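Chemist: Take this structure first; my questions come after.
The values are calculated or read from the model by the stated rules, or taken from the named source; none is laboratory data. Small disclaimer: the values here were computed from a predicted structure and weren't measured. Cβ coordinates were reconstructed from backbone atoms using ideal geometry, including for glycine residues, and neighbour counts include every protein chain displayed. Heads up: the accessible areas ignore ligands, DNA and RNA and are worked out on the full protein's heavy atoms, side chains in. Shrake-Rupley method; radii C 1.70, N 1.55, O 1.52, S 1.80 Å.
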Amino acid sequence: MIAFPNAKINLGLHITEKRPDGYHNLETVFYPIPLTDALEIVQASGTRAAGYSLSCSGVEVTGRAEDNLVVKAYTLLAREYPLPLVDIFLHKHIPSGAGMGGGSSDAAFMLKLLNEQFSLKLTEEQLEAYAAMLGADCAFFIRNSPVFAEGIGNLFSPVSVSLKGYRLLVVKPDVFVSTREAFAQIRPHRPACPLREVIARPVNEWKSLLVNDFEESVFPQFPTIRELKEEMYGQGAVYASMSGSGSSVFGLFDTKKELPDFSGNSNFCFEAVL
């Protein structure tokens, strides 16, 4: 059985306060986009020490197999359900360190695949609870529709927003942004205009109102990311922003507008009509 875990972008992101546990409360809108990985699970035969094998292709995946979120998803459910041996095949297309939730999406889709293939009969609510154990934003990818996210990015409520008809351009430069360091430079505050109010406005009004707080700390360290955003506006984007803590930048363009070419300089580029 195969699935195609998709990425997300952040529409606005405010760091509102630092919590006693050291984490930060935030508010943002998660919006799914059609940039995908491919994830397949095949029931295996025989015996082996681990209940899984993991094969990866595409964008390089570093680290130990047992630390991969798809394996953690399998292990999590295997503690409570009699899962058979499986071979896991993960083809990565969503770049890591891009602020687009690729690993979290892989984990959530792994939970959904296991639930469907082995008839675990878990509800969406139960799947969300398991996903939340794997990462703050993992649960978003269970229902996979736009949400207003609060807390540490794990509390969701409905939001009415649609980017249908816009052309999306996502560019990730060949730089790595440490999420820990990005948070360390943040000054938590409440925005003058609440995000829920801004997101309800027409997209062509977002440029001066819809803000990602991480840009303030990331842009001085990585001018290339700032320049990407500026170039998107220079080439006619209706709205452009860094996603999450970076390093990807996305732009929304009118369908009649020719998209700029950012394919050079080792950039990852993706475009789609939403």
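Chemist: Wholly within the stretch 95-158, which helices (runs of 4 or more DSSP H) include no fewer than the required count, namely at least 3 residues that are open to solvent by less than 10 Å² (accessible area, probe 1.4 Å) and touching a residue at least 60 places away in the same chain (Cβ under 8 Å)?
Modeler: 102-117
Chemist: Which members of the stretch 38-69 meet the condition of being within 30 Å of TYR166 (Cα to Cα) and out of contact with any helix residue (DSSP H, G or I) (no Cβ under 6 Å at 6 or more places or on another chain)?
Modeler: Matches in the stretch 38-69: ALA38, GLY58, VAL59.
Chemist: How many of the residues making up the stretch 164-181 are part of a strand (DSSP E or B) and charged (D, E, K, R)?
Modeler: The qualifying residues number 2.
Chemist: Among the residues of the stretch 159-177 satisfying the criterion of being touching a residue at least 24 places away in the same chain (Cβ under 8 Å) and small (Gly, Ala, Ser), which is surrounded by the fewest Cβ atoms within 10 Å (Cβ to Cβ)?
Modeler: Within the stretch 159-177, the first condition is being touching a residue at least 24 places away in the same chain (Cβ under 8 Å), and the residues that meet it are 159-161, 163-177.
With the extra rule that they be small (Gly, Ala, Ser), the set shrinks to 160, 165.
Working: SER160: 9, GLY165: 11.
Only one residue tops the list, namely SER160.
This table checks each residue for (1) open to solvent by less than 50 Å² (accessible area, probe 1.4 Å); (2) of a type in the set (D, E, K, R); (3) closer than 21 Å to SER160 by Cβ; (4) assigned to a helix (DSSP H, G or I).
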residue: PRO188; (1), (2), (3), (4): no, no, no, no
residue: GLU197; (1), (2), (3), (4): no, yes, yes, yes
residue: ARG201; (1), (2), (3), (4): no, yes, yes, no
residue: ASN204; (1), (2), (3), (4): no, no, yes, yes
residue: LEU210; (1), (2), (3), (4): yes, no, yes, no
residue: GLU215; (1), (2), (3), (4): yes, yes, no, yes
residue: ILE225; (1), (2), (3), (4): yes, no, no, yes
residue: ALA237; (1), (2), (3), (4): yes, no, no, no
residue: SER241; (1), (2), (3), (4): yes, no, yes, no
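Chemist: Restricting to the stretch 1-21, name every residue that is outside any strand (DSSP E or B) and farther than 22 Å from ASN212 by Cβ.
Modeler: Result: MET1, PHE4, PRO5, PRO20, ASP21.
Chemist: Does the stretch 28-61 hold any residues that are at pLDDT 95 or above, among the acidic types (Asp, Glu) and open to solvent by 30 Å² or more (accessible area, probe 1.4 Å), and which are they?
Modeler: The one that is at pLDDT 95 or above, among the acidic types (Asp, Glu) and open to solvent by 30 Å² or more (accessible area, probe 1.4 Å): GLU40.
Chemist: Any idea how many residues of the stretch 86-124 are within 24 Å of ARG48 (Cβ to Cβ) and hydroxyl-bearing (Ser, Thr, Tyr)?
Modeler: Of the residues in the stretch 86-124, 1 are within 24 Å of ARG48 (Cβ to Cβ) and hydroxyl-bearing (Ser, Thr, Tyr).
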